[in-house]
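**Student:** The structure under discussion is supplied below as structure tokens; questions concerning it will follow.
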Amino acid sequence: MSLELSKKAQAVKPSSTLAITAKAKELKAQGIDVVGFGAGEPDFNTPDNINEAAIKAIHDGFTKYTDASGTLELKEAVCKKFEAFNKLHYKPNQIVISNGGKHSLTNIFEAILNPGDEVIIPSPYWLSYPEIVKLADGVPVFVRADKKQNYKITAEQVAAACTDKTKALILNTPNNPTGMIYTREELEAIAKVVVEKDIYVVADEMYENLIYGDDEQVSIASFNDEIYKRTITCSGVAKSYAMTGWRIGYTGSSVEIAKLMGSVQSHQTSNPNSIAQKAATEALNGPQDTVFAMNNEFNKRREYMVKRVAEMPLIDAITPQGAFYLFVDVSEVLKKEYKGNVIVSSDKLAEILISDYKVAVIPCGDFGFDDHIRLSYAISIEQIKKGLDRIEEFVKAL
């Protein structure tokens with residue numbers, strides 16, 4: 001056939017994180033002992049009270065369509081959570097419940113972008129941001145935040161990146177892939193620029209419950225009315241409640257943007273899964289002890305991983321403050337030879353580790369930093385130890 005397929009779809013890069021994870025699962029299915037550091041999901045089961053709420057929903061016959069943008073019950077639970085945790089006041093008509101965090105972002109950019117509008121994306125970034133922006137006919141504008149600034153962009157960098165085509169800034173804190181958190185002072189400075197430039201902030205706070213030590217989660221929309229009305233706050237239940245497969249995300253925004261997002265969703269997917277909405281309502285309204293328990297376990301793994309990596313030659317990492325990733329600088333490794341060939345990229349490094357050492361890591365070229373890899377500590381401490389032993393064996397052999 002000579003019919004041309006969509007150029008927009010052809011330009012989309014497949015997710016390298018999903019590809020690496022799939023490769024690791026494939027090898028495990030063959031009985032090969034692979035350690036997978038690619039996981040972007042907790043290794044815990046969804047808490048029992050949440051599962052029971054879903055089972056009850058099924059038995060009660062709550063298996064029909066709901067309102068396209070989500071049930072009022074879940075929207076009210078989200079409003080209550082925003083008020084208590086984020087210090088943000090939203091009403092139910094400002095909330096849109098989606099089929100996960102990626103879907104929320106898709107809705108947002110479909111609602112706010114026109115062809116050619118620019119979106120500032122701090123680098124390193126979650127690899128799906130630029131692809132979702134491009135699918136909504138936007139133009140990603142990358143602003144690099146180097147290691148010496150803890151991988152966080154400054155207000156001055158945001159101001160310098162703005163043009164007359166800038167429509168929005170994506171701000172992800174706690175950050176994937178770095179685990180870094182923007183402080184209150186850093187966010188206040190960025191908020192001032194956003195208001196002055198009159199652009200939107202897409203505040204992705206999906207990892208907001210996964211913060212360690214004395215650091216605090218601050219929502220940029222909480223400072224004043226001017227930044228509040230320019231912010232679309234995104235979160236969900238996937239990471240905090242071990243509910244990645246349930247696919248429930250949510251946003252808080254102006255009524256106008258929420259209405260547009262709801263309209264887009266009504267045609268593209270209609271409502272999120274009714275049973276998952278009942279489960280998410282229980283997650284937000286029910287006891288939070290499992291959240292704290294998972295957080296404590298992640299923290300133990302984080303401390304162990306940071307210590308081990310610090311002791312290895314050729315690689316290093318800044319201690320993450322949140323999420324469940326370690327962003328590892330492998331620039332010195334990329335100068336070395338392996339079996340007679342220079343390791344030219346993080347992709348090549350990841351290929352060597354999975355083929356010769358049976359360790360799956362995420363190369364970060366698609367995150368804007370080709371001299372880094374991402375290691376998840378959302379796996380057991382036993383698996384972390386085994387995987388780091390293998391990585392250490394590799395780097396010491398170079």
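**Student:** When you go through 308, 230, 301 one by one, which is the residue that is among the basic types (Lys, Arg), closer than 24 Å to residue 172 by Cα and outside the structural domain of residue 184 (by TED's automatic domain parsing)?
**Tutor:** The unique qualifying residue is 301.
**Student:** Of all residues in region 357-383, which are surrounded by 23 or more Cβ atoms within 10 Å (Cβ to Cβ) and hydrophobic (A, V, I, L, M, F, W, C)?
**Tutor:** Scanning region 357-383 gives 359, 360, 361, 362, 364, 367, 369, 373, 375, 378.
**Student:** Still on this structure, please answer the following. Quick check on region 256-270. Is at least one of its residues in a loop (DSSP other than H, G, I, E, B) and either buried (at least 17 other Cβ atoms within 10 Å of the Cβ) or in contact with a strand residue (DSSP E or B) (Cβ under 6 Å, 6 or more places away or on another chain) (or both)?
**Tutor:** no
**Student:** Continuing with the same structure: As an exercise: evaluate residue 226 against (1) crowded, with 20+ Cβ neighbours inside 10 Å; (2) part of a helix (DSSP H, G or I); (3) not β-branched (Val, Ile, Thr) and give the number of the one condition it does not meet.
**Tutor:** (1)
**Student:** Between 66, 71, 17, which is within 30 Å of residue 231 (Cβ to Cβ), outside the structural domain of residue 218 (by TED's automatic domain parsing) and β-branched (Val, Ile, Thr)?
**Tutor:** Selected residue: 17, the only one of 66, 71, 17 that is within 30 Å of residue 231 (Cβ to Cβ), outside the structural domain of residue 218 (by TED's automatic domain parsing) and β-branched (Val, Ile, Thr).
**Student:** Condition first: surrounded by 17 or more Cβ atoms within 10 Å (Cβ to Cβ), part of a strand (DSSP E or B) and within 24 Å of the chain's Cα centre (by Cα). Can you find one or more residues in region 309-324 that meet it?
**Tutor:** yes
**Student:** Regarding region 72-89, can at least one residue be identified that is in a helix (DSSP H, G or I), out of contact with any helix residue (DSSP H, G or I) (no Cβ under 8 Å at 6 or more places or on another chain) and among the acidic types (Asp, Glu)?
**Tutor:** Yes, region 72-89 contains a residue that is in a helix (DSSP H, G or I), out of contact with any helix residue (DSSP H, G or I) (no Cβ under 8 Å at 6 or more places or on another chain) and among the acidic types (Asp, Glu).
**Student:** For residue 37, state whether it is surrounded by 20 or more Cβ atoms within 10 Å (Cβ to Cβ), in contact (Cβ under 8 Å) with a residue 40 or more places away in the chain and closer than 26 Å to residue 211 by Cα.
**Tutor:** Yes.
**Student:** Of all residues being surrounded by 18 or more Cβ atoms within 10 Å (Cβ to Cβ) and in contact with a helix residue (DSSP H, G or I) (Cβ under 9 Å, 6 or more places away or on another chain) in region 298-308, which is farthest from residue 388 (Cα to Cα)? Just the residue, please.
**Tutor:** Filtering first and then ranking leaves 301.
The values are calculated or read from the model by the stated rules, or taken from the named source; none is laboratory data. These numbers were taken from a predicted model, which means no experiment stands behind them. Cβ sites come from the backbone with ideal geometry, for glycine too, and all protein chains shown count toward neighbours.
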